[in-house]
Amino acid sequence: MTRADLAEKVAKAIRVPKKNAKVIVDVMFEKIIEALKKGEKVEFRGFGTFKVRVRNARTARNPKTGAPTQVPQKRVVAFKPHTDLKSKIH
């Protein structure tokens with residue numbers, strides 16, 4: 001499902017024009033991103049939790065040459081599904 005598909009489904013569900021639903025979806029994504037940038041956890045009860053995790057720096061190998069290379073520390077987004085969501089898709 002794309003962002004446009006989601007906006008279309010929201011528009012139908014709450015009976016608003018697609019243009020308004022697109023704004024709703026866009027603002028929701030912006031606010032989730034802002035919270036994650038601040039290091040906050042974003043939780044949707046019954047759906048799951050998004051949070052930022054730190055991956056430590058490490059030494060890796062170039063698969064082509066076998067030469068060691070340094071991978072810097074980085075922040076990644078992690079999603080943990082809620083048990084309700086897990087049970088609904090299994």
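What to note about this one:
- Listed by position, the helices (runs of 4 or more DSSP H) enclosed by the chain that each have at least 1 residues that are of a type in the set (Gly, Ala, Ser) and touching a strand residue (DSSP E or B) at 6+ places or on another chain (Cβ under 7 Å) are 18-37.
- Residues of segment 61-77 satisfying the condition of being among the aliphatic types (A, V, I, L, M) and loosely packed, with under 10 Cβ neighbours inside 10 Å: ALA67, VAL76
- Residue match in segment 33-46 (condition: touching an Asp or Glu at 6+ places or on another chain (Cβ under 8 Å) and free of Cβ contacts under 8 Å to residues at least 40 places away in the same chain): yes
- Restricting GLU43, GLU30, GLU34, GLU8 to residues that are surrounded by fewer than 11 Cβ atoms within 10 Å (Cβ to Cβ) and either among the aromatic types (Phe, Trp, Tyr) or at pLDDT 95 or above (or both) narrows the list to GLU30.
The values are calculated or read from the model by the stated rules, or taken from the named source; none is laboratory data. Given the structure is predicted, the values throughout are model-derived calculations rather than measurements. Virtual Cβ from ideal backbone geometry, glycine too; neighbours counted across all protein chains shown.
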